[in-house]
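Novice: Okay, handing you the structure first.
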Amino acid sequence: MEHYYALIMAGGGGTRLWPMSRQDMPKQLLPLVEDHSMFKVSVDRLSPLFAPEQIYVVTGRKYVDIMRAQTPEIPPQNFIVEPYGKNSGPAAALGLAVIQKRDPQATVVVLTADHHIQDKEKFRAVLTAGHEVAQQGYIVTLGISPSYPATGFGYIRQGDKLCDINGFSCYVSRGFTEKPNAVTATAFLASGDYSWNSGMFIWTAKQAMAEFARQQPDMHAGFVKLQAAVDTPEFEEWLDETWQQIKDISLDYAVMEGAEKIAVIPVDIGWNDVGSWASLYEVLKLDKFGNGFKGRQPERVSLDTRGTLVYSDKLTVTIGVQDIIVVETPDALLICHKDRAQDVKEVVNHLLTTKNYKYL
């Protein structure tokens, strides 16, 4: 597929994975699940569907040199550097604007650098199917078949079947619902009509920019102006000027929730957003007592320990505990119940409020 590109959004912070994930080394740069960083794994699983020249990365100035070193096969000009973080809406628009300028016929899949996908072959197959549907004028979303009534994900409702393609069923989308409460999420799961919103979208660059023009006209105008400077010495200066004027907004709120002609392909690919220590636990190989261990220290002692995650480079001993998370770094130690893993973000907020920046 000559005009097909992958745009990896790689600028997030991962605050719920503190103390491993820090401002200078966020979760996508860490080998949290596999032996390589989540970013490198995200790039590697695109092969052989995408050649390195077809892979683009949007990230921040702090991270671009590390990412280039981890993936030297990607051309340097395919790393698009945000002046500073302004959420996923402007990041996606920036990447799309650059790709469209270089290839007006481009179809683009928007991906993230910090998701775990178990079935990589099936993942590439659904990206191929999504590309075909996108040629029919649809914005294709990959919906994750829900395994429990999650309240931390957005949901996509599927309507009439659009087509069967490459072994996948594709449906017309009947809209998005942001993070429902437990009762609503349970009803969604029971109905069988809902998928989790994975945040992965496939669309032609032309259609994507048309949605920005319709829903975010000011943002679109800025990026159209910026396109004229792509691959010229003036690009960074124009980008800095454009970036100051656009609003901070997520891609979902910017265009996806109000987009026209959306299709959804529900798929089970062993997806996990690895958004917290509890979700990391879900994808680790566990012992017979349901314990997961990560770190460079091969020795560990766990007596009467169940359902516990230990991430440490030191010999860590646990006795008589259940459903606990222990994460050790050189300057910090986190101990919390697995049910409270989402609250780690509040620790980061506290450190910001108290100006303990050295721990961030």
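Readers should treat all values here as calculations from the given coordinates under stated rules, not as data from a laboratory. No experiment lies behind these values; they were computed from the predicted model shown. Ideal geometry is used to build each Cβ from the backbone, glycine not excepted, and the neighbour counts take in all protein chains shown.
Novice: Please name which of 321, 356, 303 has its Cα lying farthest along the dipole of segment 277-359 towards the positive end, using unit charges on Cβ (Lys, Arg +1; Asp, Glu -1) and the Cα centre as origin.
Specialist: Checked the options; the winner is 356.
Novice: Could you let me know the centre-to-centre spacing of segment 163-229 and segment 1-30, using Cα atoms, in angstrom?
Specialist: Answer, in whole Å: 20.
Novice: Hey, what angle do you get for helix 205-215 against the long axis of the chain, alpha-carbon based, 0 to 90 degrees rounded to 10?
Specialist: 90 degrees
Novice: Okay, moving on. Fewest Cβ neighbours within 10 Å first, please rank 251, 360 accordingly.
Specialist: Result, fewest neighbours first: 360, 251.
Novice: Right, here's the next one. So how far apart, in nm, are the two label points at residue 350 and residue 261 if each is 7 Å from Cα heading toward Cβ?
Specialist: A separation of 5.1 nm, rounded to one decimal place.
Novice: Related question: Return the single residue from 32, 280, 142 with maximal mean-square fluctuation; model: Gaussian network over the chain, springs between Cα atoms under 10 Å.
Specialist: Maximum fluctuation in the GNM of the chain, among the listed residues, is at 280.
Novice: Here is a follow-up. List every residue whose amide H lies under 5 Å from the amide H of residue 119, counting only residues 5 or more places away in sequence or on a different chain, with H placed 1.01 Å from N in the peptide plane.
Specialist: 270
Novice: Set the Förster distance to 22 Å, then compute FRET efficiency between residue 121 and residue 340 from the Cβ-Cβ distance, nearest 0.05.
Specialist: Numbers: r = 36 Å, r/R0 = 1.64.
Here the calculated transfer efficiency is 0.05.
Novice: Work out the length of the dipole vector of the chain about its Cα centre, built from +1 on the beta-carbon of each Lys and Arg and -1 on the beta-carbon of each Asp and Glu, and round it to the nearest 20 debye.
Specialist: It works out to roughly 540 debye.
Novice: A follow-up question, please. For helix 88-102, what angle does its Cα long axis make with the longest principal axis of the chain, in degrees from 0 to 90 and rounded to 10?
Specialist: Around 40 degrees separate the two axes.
Novice: Rounded to the nearest 20 Debye, what is the dipole magnitude of segment 166-322 about its Cα centre when Lys and Arg each give +1 and Asp and Glu each give -1 at the C-beta?
Specialist: Dipole of segment 166-322, to the nearest 20 debye: 780 debye.
Novice: Okay, moving on. Could you pull out the chymotrypsin sites (Phe, Trp or Tyr not before Pro) across segment 286-360 that fall in loop regions by DSSP (anything but H, G, I, E, B) with no more than 13 other Cβ atoms inside 10 Å?
Specialist: The qualifying sites are 289.
Novice: In addition: Measuring from centroid to centroid over Cα atoms, what is the spacing of segment 259-335 and segment 68-126 in Å?
Specialist: 28 Å
Novice: Continuing with the same structure: Given a cut-off of under 8 Å on Cα pairs at least six residues apart, what relative contact order in percent is computed for the chain?
Specialist: This gives 20 percent for the chain.
Novice: List the trypsin sites (Lys or Arg not before Pro) within segment 1-74 that fall in a DSSP loop (any state other than H, G, I, E or B) and whose Cβ has at most 13 other Cβ atoms within 10 Å.
Specialist: The qualifying sites are 61.
Novice: Quick one: work out the % antiparallel among DSSP beta bridges in segment 277-359, nearest 5.
Specialist: For segment 277-359, the DSSP antiparallel bridge percentage is about 40.
Novice: What order, most packed first, do the peptides 105-113, 84-92 have when packing is the mean number of other Cβ atoms within 10 Å of each residue?
Specialist: Ranking, from highest mean packing down: 105-113, 84-92.
Novice: Which one, 137, 23, 226, is farthest towards the positive end of the dipole of the chain when Lys and Arg carry +1 and Asp and Glu -1 on their Cβ?
Specialist: Going by the Cα projections, it comes out as 23.
Novice: I would also like to ask the following. Taking only Cα atoms and a 10 Å spring cutoff, compute GNM fluctuations for the chain and point out the largest among 237, 328, 282.
Specialist: 237
Novice: Among the lysines, select those whose C-alpha is under 25 Å from the C-alpha of residue 225, and discard any that sit fewer than 8 residues away in the same chain.
Specialist: 86, 101, 206, 247
Novice: Label 7 Å along Cα→Cβ of residue 359; segment 309-348 residues with amide nitrogen under 14 Å?
Specialist: 327-336, 344-348
Novice: Ok, one more. Calculate how steeply helix 120-134 sits against the longest principal axis of the alpha-carbon atoms of the chain, using the helix alpha-carbon long axis, and give the answer as 0 to 90 degrees to the nearest 10.
Specialist: For 120-134 against the chain, the angle is about 30 degrees.
Novice: Taking only Cα atoms and a 10 Å spring cutoff, compute GNM fluctuations for the chain and point out the largest among 149, 266, 52.
Specialist: Of 149, 266, 52, the Gaussian network model singles out 149 as fluctuating most.
Novice: Scan segment 251-318 for trypsin sites (Lys or Arg not before Pro) in coil per DSSP, keeping those whose Cβ has at most 15 other Cβ atoms within 10 Å, and list them by number.
Specialist: Details: sites: 261, 285, 288, 294, 296, 300, 306, 314; in loops: 261, 285, 288, 296, 300, 314.
Listed in order of number, the matching sites are 261, 285, 288, 296, 314.
Novice: Efficiency by 1/(1 + (r/R0)^6): what FRET value for residue 234 and residue 36, r their Cβ-Cβ distance, R0 = 30 Å, to the nearest 0.05? Each step should come with its number before you reach the end.
Specialist: On the way: r = 36 Å, r/R0 = 1.20.
Calculated transfer efficiency: 0.25.
Novice: Can I ask one more? Select from 183, 204, 169 the residue farthest towards the positive end of the dipole of segment 159-216; place +1 on Cβ of Lys and Arg, -1 on Cβ of Asp and Glu, and compute about the Cα centre.
Specialist: The listed residue farthest towards the positive side: 204.
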